[in-house]
Structures are given as structure tokens and as C-alpha cells.
Amino acid sequence: MQHDEVIWQVIRHNHCSFMAKITTGNFCRNPYNITGVCNRSSCPLANSRYATIRDHDGVFYLYMKTIERAHKPNELWERVKLPRNYEKALEIIDKHLMYWPKFLVHKAKQRLTKMTQMRIRMRKLALKTREKIMTTPRKEIKREARREKKAETAAALDKSIEKELLERLNGGLYGDIHNILPKYFNKILDEKELEAVSEEDEDEVEPEIEYVQGYDDLEEEDDIEDFGGFAIDESLKNNDDGPEDEEEMDTVDRKKVKRRSESAYRKVEEDESRKSKKKARVLVEVENEDASERQRATF
């Protein structure tokens, strides 16, 4: 049979694993304690009839213990879920603790009020962005620094050994018979290829830029055509200076010569328009006494 007074005397004066003694007073670490203070009316172990409120993941529950279930430890506490509305939660507490001691009813409502306020503050703080203070692990930092220093020393030693061996190999110290790992052999070949490519790039000279005159072929053709017309005009001039017997040419031949000279004249004028202003010009006049006409050609 359970006797509350005997249990309290043993716990209070001998030993209790939930009791915490400090300068300001004695406190209780038991999660079912309704006030957190170690005294006779608030102790959940020394009271057969007890009620408290607990929080499970943001949901509040009303816990009640009676002496009728003392012989069933697995069913010792009766739990009732409280709604999120504060007023409705107070009504449920009044309903289930109607005939209980006024001290337990008052402390249960007071605990519900404090826990509701705490939940509101937690939600507000969760919405704000705050700086998180992190501790610096000095031992880990020193250990990592030592490891990095050792790794750098080992890498420098490996590089120096590799460089010395390559110098000896290139100097012919080992002779013609030597064994190299394929990895290092391929690495040496790649380095030599890169050096050869860089030397070829340095040897290459930029191509010289030259400036030439354009349309040379077209000007040569124009000169040939001009000299052709000039030759025809000179033949006409020579004919004028000849003896009088040549002046008795057939009218048909004269007409042919006239047509040719006219075509040559037109051709010369067309070429004259295409020539540049800087080019020298030559004026040639051909006179025919019988035809009483004067022909000109400009070059």
C-alpha cells in the first residue's frame, strides 16, 4: 500500500535523484513536476493524486494520476490532449479537475499560461534571422595545419628527387640501359612535345604586308587598243603624204577606210573617258584633202 508521507520523508531527508540543491533553494528535475520546486505539495512521487501539463512536439497534454491506478505502473498516468485555443484548454482543465484540490487546478492553469507564452515567443524567434555562434575547434585546426605542413614537405621532397633523377638520366649517368615507369616516360614525352611546339611557334615569323597596284591587266589591254587606233591613223597620214597616184583610189576603198577611221575614233574617245587624269595624253590629227575632213585621236 502506498503511503505519501513516508515516501516524502525518505525522499526529502535521505536521497532523491531528481533533487537539485543550489544557493537559492532546492529544485526538482522530474518532468512531471508542475512547479519545478522540490516541496511536499509539488512532488509527483509523494502525491498519489497529482496533475500536470506536458508538451510533446508543440502539443499540450493534461496528465492526471490517481491512487486507484497505483498498482498499474503502465497505466499510472491518464493523458488528455488540449486544444490550441487557450480558452478552450482552460475549460477542459476545469472539467477534468472539477473536484481536485484548488492548488493543483491553479498551478495547472498557470503552467498552461506560461507554456502558451513560451510557444508564441518561439514562433516569433523562428521567423527572425539571428547570428549563430560557433565554437572554433582549436585542436582540429592545429591537427589539420600539421598534416598540411607534412604533406607539403613530402611533395617538395618527391619533386626534388624526381628532378635529380631526370637530370642524371639526361646527363647520361645511367647509360643506355635504364628502366622508367610508363607513367613517367609518357610524362617526359609530353613535356618534350610541348617544348618543341613552343619553339616552332617562336620561330614562325609574321608574314610581311605588301601593297600592289590593282587593275594592271585592264590598263595593258587599254594601251593595246589605243596603239591599234594610233596605227590606223598613222597609216592614213602616210597615205596623205604619198604620191598623187595613190590619191586616185577607188571610192569604195575610201569609204571603207573612212568607216574604219570613224570606228577607231569612237573607240579612242571611249577609252579616253576611262583613263585616269594622271595619264599622259597624245593628240594625233589626220587630215584627208579629198574628203575635206579632220580626224583626231587622243591618247
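Among the residues of region 31-58, those identified as free of Cβ contacts under 8 Å to residues at least 60 places away in the same chain and within 58 Å of the chain's Cα centre (by Cα) are Pro31, Tyr32, Asn33, Gly36, Thr52, Arg54, His56, Asp57.
Of the strands (runs of 3 or more DSSP E) lying entirely inside region 45-86, those containing at least 1 residues that are open to solvent by less than 60 Å² (accessible area, probe 1.4 Å) and of a type in the set (D, E, K, R) span 50-56, 59-65. Condition test on Phe18, is it farther than 22 Å from Val105 by Cα and touching a helix residue (DSSP H, G or I) at 6+ places or on another chain (Cβ under 9 Å)? Yes; evaluated as a whole, the condition is true for this residue. Among the residues of region 16-30, are any in contact (Cβ under 8 Å) with a residue 24 or more places away in the chain and open to solvent by 80 Å² or more (accessible area, probe 1.4 Å)? No; the residues of region 16-30 include none that is in contact (Cβ under 8 Å) with a residue 24 or more places away in the chain and open to solvent by 80 Å² or more (accessible area, probe 1.4 Å).
Taking region 12-60 as the range and being among the β-branched types (Val, Ile, Thr) and more than 19 Å from Phe103 (Cβ to Cβ) as the test, the residues that pass are Ile22, Thr23, Thr24, Val59. Scan region 95-104 and give yes if some residue there is without any contact (Cβ under 8 Å) to a residue 24 or more places away in the chain and open to solvent by less than 80 Å² (accessible area, probe 1.4 Å), otherwise no. Within region 95-104, not a single residue is without any contact (Cβ under 8 Å) to a residue 24 or more places away in the chain and open to solvent by less than 80 Å² (accessible area, probe 1.4 Å).
The values are calculated or read from the model by the stated rules, or taken from the named source; none is laboratory data. It should be emphasised that the depicted structure is a prediction, and the values quoted were computed from it without experimental measurement. Positions of Cβ are backbone-derived with ideal geometry, glycine not excepted, and every protein chain shown enters the neighbour counts. These area figures cover heavy atoms from the full protein model, side chains too; ligands, DNA and RNA do not enter into them. Shrake-Rupley method; radii C 1.70, N 1.55, O 1.52, S 1.80 Å.
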